[in-house]
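*Asks:* Questions regarding the structure given below will be posed in turn.
Read-outs throughout are calculated quantities, based only on the coordinates presented, and are distinct from any laboratory measurement. Bear in mind the structure is a predicted one, so any value in this text is a computation, not a measurement. Cβ sites come from the backbone with ideal geometry, for glycine too, and all protein chains shown count toward neighbours.
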Amino acid sequence: MSDEVNSPSPSRRSVLGWGGAGLALGAAAAGGAAVVLGRDEDPEPAASGGAAVPFHGPHQAGIATAVPDRLHFAAFDVTTGDRAELVQLLKDWTAAAARLTAGRAVGEGAYGGLPEAPPDDTGEALGLKPSRLTLTVGFGPSLFDGRFGLKDRRPAALVDLPTFPGDNLDPARSGGDLCVQACSDDPQVAVHAIRNLARIGFGKVAVRWSQLGFGKTSSTTPDTQTPRNLFGFKDGTRNIAGTDAASLDQHVWASAKDGCTWMAGGSYLVARRIRMNIETWDRTSLQEQEDVFGRDKGEGAAVGRSTEHEEPLLKAMLPTSHVRLAHPDSHSGARMLRRGYSFTDGTDGLGRLDAGLFFLAYQRDARDAFIPVQRTLARSDALNEYIQHVGSAHFAVPPGVRDADDWWGRALFTQPRES
């Protein structure tokens, strides 16, 4: 971040202010998450340039925007019961996010302020470029439990996800009142963003769980080569492009016609932590691996095809192949925008890698997309022998911040209630 990050905009807060009493991010460092904001229709900037993604726009960045290489995702529990404090937190987070995504420090920066007070910014991103940082915020079902007068504001689409066959969900890695998705080409920039939002929220929120991710496993620029997951396969070739406005409107962006006006321009995020049985997979024959996915491992082409982007011949695949079961044609055209990342969180104490896929999918309504697709996969997918879903969450991601006077979730708290 440049020296201008220590400029006095906005004005100095009270002595403790955003810095508060510092929040230890042990939980976040163990595997965190963050949210992204910006104009989703922008083309992908050159990663090497460390470009900034615009923060303001009709949709939050980090959904249809090009997918950077690194992720820090964090879910938070709201610890205050005061609605006014929650609103002020969202305003403070928004102001900080606008600076962070522009490559500037929080508040007055990491140095030069009052010696008696903690700095406004933790400082580890000083001298670093924005690196396409996006921050995206979402609201979980538990935020609408009545504590903040929001019970009748919960969108019908924000359902509690069902338990699917084979799930082995850890409550400590599931749920959350709020989430923040931070994506960047520089892992330190992403972690810095989550760390500082957590510090700002000290006394109002606490990190519930978090996840670090690397090696994007899907792309919103499908004209480029599809990334590979930790099983070595290309997956998600038919992802929705960030430039496909018609598909985004049909499958990703919520509309006032859906019955919740404050969510118009937003989306619904499903986050799933999927553990991969790496050691078992690595002892499986190549033929079986390709049969499980329904793809050639080298090129990534579907069975009977020669290139990865050719339309797959579903009937040429085994009935249990992952591609066949997950394909939109198997679900009346249901589609999601996927932004998954690989993760490796050490070992499990038995010498096995704690590794897998942190699945992130945005959709207009999970009842029409993720839920029916996952029901089919959980029942019949041959890949189930090698994976297990261990974490789960569902969030309503509000529309973007349109200008400097706007803030995350403003319509939720200020729009008149629908009759």
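*Asks:* How many angstrom lie between the Cα centre of the stretch 287-316 and the Cα centre of the stretch 53-104?
*Replies:* Comparing the Cα centres of the stretch 287-316 and the stretch 53-104, I get a distance of 39 Å.
*Asks:* Return the long-range amide H neighbours of E108 (sequence gap of 5 or more, or a different chain), with a cut-off of under 5 Å between placed amide H atoms.
*Replies:* When sequence neighbours closer than 5 places are left aside, the close amide H contacts are D120.
*Asks:* As I understand it, the dipole of the stretch 348-419 uses +1 on the Cβ of Lys and Arg and -1 on the Cβ of Asp and Glu, about the Cα centre. Which of F413, F395, A369 lies farthest toward its positive end?
*Replies:* The listed residue farthest towards the positive side: A369.
*Asks:* What are the equivalent ellipsoid semi-axes of the chain, built from the alpha-carbon gyration tensor (square roots of five times its eigenvalues), in whole angstrom, biggest first?
*Replies:* One finds semi-axes of 35, 23, 20 Å for the chain.
*Asks:* Please list 3J(HN,Hα) in residue order for the stretch 223-229, calculated via the Karplus relation 6.51 cos²θ - 1.76 cosθ + 1.60 where θ = phi - 60°; whole Hz, with x for glycine and proline.
*Replies:* 6, 8, 5, 5, x, 10, 8
*Asks:* First check a/c for the stretch 68-111, with a ≥ b ≥ c the square roots of the eigenvalues of its C-alpha gyration tensor; if it is under 1.5, answer rounded, and if not, answer prolate when a/b is larger than b/c or oblate otherwise.
*Replies:* Here the stretch 68-111 falls in the oblate category.
*Asks:* Right, next: Compute the acute angle (0 to 90°) between the alpha-carbon long axis of helix 83-101 and the principal axis of greatest extent of the alpha-carbon atoms of the chain; round to the nearest 10°.
*Replies:* 80
*Asks:* State to the nearest 20 debye the size of the charge dipole of the chain about its Cα centre, where the only charges are +1 on K and R beta carbons and -1 on D and E beta carbons.
*Replies:* 680
*Asks:* Just from its helices, what would the mean residue ellipticity at 222 nm be for the chain, if runs of 4 or more DSSP H residues each count -39500 (n - 2.57) and the sum is divided by every residue, rounded to the nearest 500 deg cm²/dmol?
*Replies:* Value at 222 nm, helices only, nearest 500: -5000 deg cm²/dmol.
*Asks:* Can you tell me, using C-alpha contacts under 8 Å and at least 6 residues apart, the relative contact order of the chain as a whole percent?
*Replies:* Details: 1053 pairs, mean separation 97.6, N = 419.
Across the chain, relative contact order equals 23 percent.
*Asks:* Sort the stretch 105-249 into rounded, prolate or oblate with this rule: let a ≥ b ≥ c be the square roots of the eigenvalues of the Cα gyration tensor; rounded if a/c is under 1.5, and if a/c is not under 1.5, prolate when a/b is larger than b/c, oblate otherwise.
*Replies:* It comes out oblate by the Cα gyration axes.
*Asks:* Taking the Cα centre of the stretch 91-130 as origin, sum charge times position over the Cβ atoms of Lys and Arg (+1) and Asp and Glu (-1), and report the length of that vector in debye to the nearest 20.
*Replies:* Dipole about the Cα centre, nearest 20: 260 debye.
*Asks:* Something else: Could you point to the residue in G349, L360, A382 farthest towards the positive end of the stretch 333-385's charge dipole, with +1 and -1 charges on the Cβ of Lys/Arg and Asp/Glu respectively?
*Replies:* L360
*Asks:* Still on this structure: To the nearest 10 degrees, how steep is helix 187-200 against the longest Cα principal axis of the chain, on a 0 to 90 scale?
*Replies:* Rounded to the nearest ten degrees, it is 50.
*Asks:* Here's a follow-up. Shape of the stretch 274-395 from its Cα gyration tensor (a ≥ b ≥ c, root eigenvalues): rounded if a/c is under 1.5, otherwise prolate when a/b > b/c, or oblate?
*Replies:* Oblate is the answer for the stretch 274-395, as a/c is 1.5 or above yet b/c matches or exceeds a/b.
*Asks:* Would you mind checking the tilt of helix 370-380 against the longest principal axis of the Cα atoms of the chain, expressed as 0 to 90 degrees and rounded to 10?
*Replies:* Its long axis makes an angle of about 40 degrees.
*Asks:* Please list, in chain and number order, the residues 5+ apart from F148 or on another chain whose amide H is under 5 Å from its amide H, with Hs placed from the backbone.
*Replies:* none
*Asks:* Same structure, new question: Can you grab the distance from the C-alpha centre of the stretch 130-186 to the C-alpha centre of the stretch 344-413, Å, no decimals?
*Replies:* 9
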